[in-house]
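Take a look at the structure below.
The values are calculated or read from the model by the stated rules, or taken from the named source; none is laboratory data. Predicted model, so just to flag it, every value in this text is computed and none were measured. Cβ placement follows ideal geometry from the backbone for every residue including glycine, while neighbour counts extend to all protein chains displayed. What goes into the accessible areas is simple: the full protein's heavy atoms, side chains included, and nothing from ligands, DNA or RNA. Shrake-Rupley method; radii C 1.70, N 1.55, O 1.52, S 1.80 Å.
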Amino acid sequence: MQIRHYYIAIMLIITISSCNTTNTATNADLPNKYVNAFIGTDEHGHTYPGAQLPFGMVQLSPDNGQSGWNWVSGYHYSDSIIVGFSHTHLSGAGIGDLQDISLMPTIADFDINTLYKQRDDKPYAAYYTHNDELAEPGYYSVNFKETGIKAELTATPRTGFHKYSFSKGSNRNIVLDLGYAVNWDASTETEIEYIDAHTIIGKRYSTGWAKDQRVYFCAKFSEPIQDVISTGNINIAKNKKATGKAINTLFKFNQDINEILVKVSISSVSKEGAIANLQTENQAWDFNAARTQAANIWTESLSNITVEGEDIDKKTVFYTALYRSKLAPTLSSDVDSQYRGGDIKVHKADGRNHYSGLSLWDVFRAQNPLLTITNPDVAIDIANTMLAHYDETGILPVWVLAGNETNTMTGYHSVSMLAEVIMKNLPGIDTERAFQAMKATMMQDQRGLKELREHNYIPYNLMDESVTISLELAYNDYGVAMVANKLGYTDDYNYFLNRSMAYQHLFDGRVGFMRGKDSNGNWRENFDPKHSAHRVGTDYTEGNAWQHSWFVLHDIQGLVNQFENEDAFEKQLTLLFNESSEITGEDASPDITGMIGQYAHGNEPSHHIAYMYNYIGQAWKTQELVHQIMREQYPNSPDGISGNEDMGQMSAWYVLSGLGFYPVNPTDGNFIIGTPLFAKSCINLQGNKQFVISTENHSDKNFYIQSASLNGKELNRSYISYEEIMNGGELHFVMGNKPNKEWASEVNSRPPSVSNLNN
């Protein structure tokens, strides 16, 4: 998607082609209607309800002002106090950061220098109820009845647009908090500069999860500032500038004014970049027009998948999941294409968008594969963003936030994501350059790679989380091998394919699990497959042996072969879903949630497992489990995400599974068939193509596939390819309330694995 596509004015009447039906923007059944932005804001979904455009740089959302696990997105449904509306947020990450450039309207008058130890003591903190909130794609509002203030928010890609309406009190004040610090983030250097009575600019540097984050901003007020005092009693209207570690500012306006609009742009590059972003994207003062434009942009974006059905809850959960799959990663390049890169220097992304918020351990599984269908232009830009990071740092990224490599989580899944887009033949990627970056990354010595080369697995006495890291690096190696093979590098193909078999060294056939092994080849003693420790003193990342022993995405047939026979594999797989959900260990990972037996849907390592029955010819069992997970794990309620949303991965699982398939091995481009959630779905593809998923006899009870056809021809295999989807056509299912155990049961009907590709 070119930069201009983010902020061009969209016609108020949008024609949407949907499975040969036509809707307009006045149609009450448009997808925006079904988005419930409060799903995931309760429990530990860690989502936010604020205003944002697809993949937008600005995420303008309310903050409760609390620290702790519940509030890492800034907002939690259990709270009832708001202290500000900041412009950057993380969509369901497990760590708190960002929440930069916080504004709050107030009728209070107070000393800006006073330090308030408790959140509730802040004179501008305001109570609210959920009955007083409204959240829609691109819009959020809340009424503070006690103060008589209504706050409304909308956004363009790089700007937030605030509308504050006052009905009580004599003061008309706005607080700008640049020192706002909760959870992991704290300001290190702030600055505010007075340009004129309507305009201020400034910056906020901070350290936290992103060790060196830099945010520049430009704010314009619709009404002239009457008085302004910053920390230290500095009148910046006279002194022009205030600097310090944590500058706060109180703006006062004419007491007769009942409505104040504020436009705020941000940039990671410079104040000049922020000014240009505002001048380019948000010149007018028409809040309602901006809100309408944001809604239309979301209508267009969400309409690339349409679903049919009478169940409002299902449609709401589906379109909310599709919405959340398009919030991250976030745009980080300015309108002139400049961005701050992995070396914290300024670079230019000519002809593309640059992104941040790359939660690769999570999103390589389903969110990126979904984007290759719904937003292939974004997937291409993400790939080139990762390659730019390699050029800037000498290594491909792990988890990038605000240009900073956080090195959070295990593996190098940038390698797998590059392999995926290359094997899917997406254009605009320099394949040779990508291969060299992938190879160089996997041949360096960090993050377990040295130990993996020396032992063919990572010994537990040399590194924590050794089993998980070994398995994930093996999958990354597989990606390098596939690209090497595509480019004709036979030696590299054989070398990395051999490394991708590392899982074979850690599987203990006596117990049926992947186990920790020391550098002398001895198994870790006192093995308990239910035991979990969080990140330290453990062989598994955020889980246990039950959840991590199935991570052989590229060679599930090879994993089956490690068991005595196929029946033994099936017995162990079925036991996973029927075991007790007890987790042992004094420091068990809090990420083990959404339990069905020992299956933990609330965290990503489990996400592919229900689809593994297809690999042993028992697709009907996959259909049962996927139907159960969609029904039980995704309610239409604030607690509707059973674990961290993780930048779109939890939602992408639901979108793809709801369509009827899932990418167990994203690199090979195959989507493993589960069971369709709707009677009819349609993917509106680029180039005016459509891929339709239609059914006969579909109902909540009729979730078993009796037969299938693709473009009118019988389909007796339990997978389809990316190419088949993108070519357009129709996948048709005949459904029933009893399993057809013969469908896709033959060996040649099963999804491919490395071990059976040449059979």
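A few comments on the model shown:
- Of the residues making up segment 562-577, those that are open to solvent by 50 Å² or more (accessible area, probe 1.4 Å) and in contact (Cβ under 8 Å) with a residue 24 or more places away in the chain are GLN562, GLU564, GLU566.
- Filter result for the condition that a residue is under 23 Å from ARG365 (Cβ atoms), touching a residue at least 60 places away in the same chain (Cβ under 8 Å) and assigned to a helix (DSSP H, G or I), over MET409, MET417: MET417
- Flag for ASN670 being open to solvent by 10 Å² or more (accessible area, probe 1.4 Å) and over 26 Å from VAL480 (Cβ atoms): no
- Any hit, segment 511-523, residues being open to solvent by 30 Å² or more (accessible area, probe 1.4 Å), at pLDDT 95 or above, assigned to a loop (DSSP other than H, G, I, E, B) and closer than 22 Å to GLY597 by Cβ: yes
- If the condition is being among the charged types (D, E, K, R), in contact (Cβ under 8 Å) with a residue 24 or more places away in the chain and open to solvent by 40 Å² or more (accessible area, probe 1.4 Å), then segment 178-197 contributes GLU189, GLU193.
- Here ASP381, ASP362, ASP350, ASP391 are screened, and the one residue that is open to solvent by 30 Å² or more (accessible area, probe 1.4 Å) and part of a helix (DSSP H, G or I) is ASP391.
- Looking only at segment 394-403, residues that are of a type outside the set (Phe, Trp, Tyr) and either surrounded by fewer than 18 Cβ atoms within 10 Å (Cβ to Cβ) or assigned to a strand (DSSP E or B) (or both) come to 3 in all.
- Within segment 578-586, at least one residue is polar (S, T, N, Q), in a strand (DSSP E or B) and surrounded by fewer than 16 Cβ atoms within 10 Å (Cβ to Cβ).
- If you go through segment 448-505 and keep only what is outside any helix (DSSP H, G or I) and open to solvent by 10 Å² or more (accessible area, probe 1.4 Å), you end up with ASN456, TYR457, TYR460, ASN461, LEU462, MET463, ASP464, GLU465, GLY488, TYR489, MET501.
- In this structure, ASP336 does not qualify as in a helix (DSSP H, G or I) and open to solvent by 10 Å² or more (accessible area, probe 1.4 Å).
- The set of residues from segment 420-447 being of a type in the set (Asp, Glu) and assigned to a helix (DSSP H, G or I) comprises GLU420, GLU432.
- Residue in segment 297-305 that is more than 22 Å from the chain's Cα centre (by Cα), hydroxyl-bearing (Ser, Thr, Tyr) and in a helix (DSSP H, G or I) present: no
- Top-ranked residue in segment 677-691 [being open to solvent by 20 Å² or more (accessible area, probe 1.4 Å) and at negative phi; ranked as modelled with the lowest pLDDT]: GLN686
Okay, residues lined up against (1) over 21 Å from the mean Cα position of the chain (by Cα); (2) charged (D, E, K, R); (3) at pLDDT 95 or above; (4) on the phi > 0 side of the Ramachandran plot:
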residue: PRO376; (1), (2), (3), (4): no, no, yes, no
residue: ILE382; (1), (2), (3), (4): no, no, yes, no
residue: THR385; (1), (2), (3), (4): no, no, yes, no
residue: VAL400; (1), (2), (3), (4): no, no, yes, no
residue: LEU418; (1), (2), (3), (4): no, no, yes, no
residue: ARG447; (1), (2), (3), (4): yes, yes, yes, yes
residue: TYR457; (1), (2), (3), (4): yes, no, yes, no
residue: ASP464; (1), (2), (3), (4): yes, yes, yes, no
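- Of all residues in segment 222-233, those that are hydrophobic (A, V, I, L, M, F, W, C) and crowded, with 21+ Cβ neighbours inside 10 Å total 1.
- Qualifying residue in segment 220-229 (condition: acidic (Asp, Glu) and part of a strand (DSSP E or B)): yes
- Residue match in segment 20-30 (condition: farther than 29 Å from VAL692 by Cβ, modelled with pLDDT under 95 and open to solvent by 10 Å² or more (accessible area, probe 1.4 Å)): no
- Given (1) within 27 Å of ILE201 (Cβ to Cβ); (2) open to solvent by 30 Å² or more (accessible area, probe 1.4 Å), index of the condition THR330 fails: (2)
- Criterion violated by THR593 - all others in (1) in contact (Cβ under 8 Å) with a residue 60 or more places away in the chain; (2) surrounded by 24 or more Cβ atoms within 10 Å (Cβ to Cβ); (3) under 22 Å from GLU43 (Cβ atoms); (4) hydroxyl-bearing (Ser, Thr, Tyr) satisfied: (2)
- Within the span defined as segment 617-627, one or more residues are in a loop (DSSP other than H, G, I, E, B) and open to solvent by 20 Å² or more (accessible area, probe 1.4 Å).
- Scanning segment 285-324 for residues being modelled with pLDDT under 95 and open to solvent by less than 70 Å² (accessible area, probe 1.4 Å) gives a total of 2.
- Comparison of ALA290, ALA294 shows that the only residue that is touching a Gly at 6+ places or on another chain (Cβ under 7 Å) and either in a helix (DSSP H, G or I) or more than 28 Å from THR667 (Cα to Cα) (or both) is ALA294.
- Total residues in segment 129-146, condition part of a loop (DSSP other than H, G, I, E, B) and surrounded by 20 or more Cβ atoms within 10 Å (Cβ to Cβ): 2
- Between ASP491, ASP464, ASP477, the distinction of being of a type outside the set (Ser, Thr, Tyr) and within 20 Å of TYR390 (Cα to Cα) belongs to ASP477 only.
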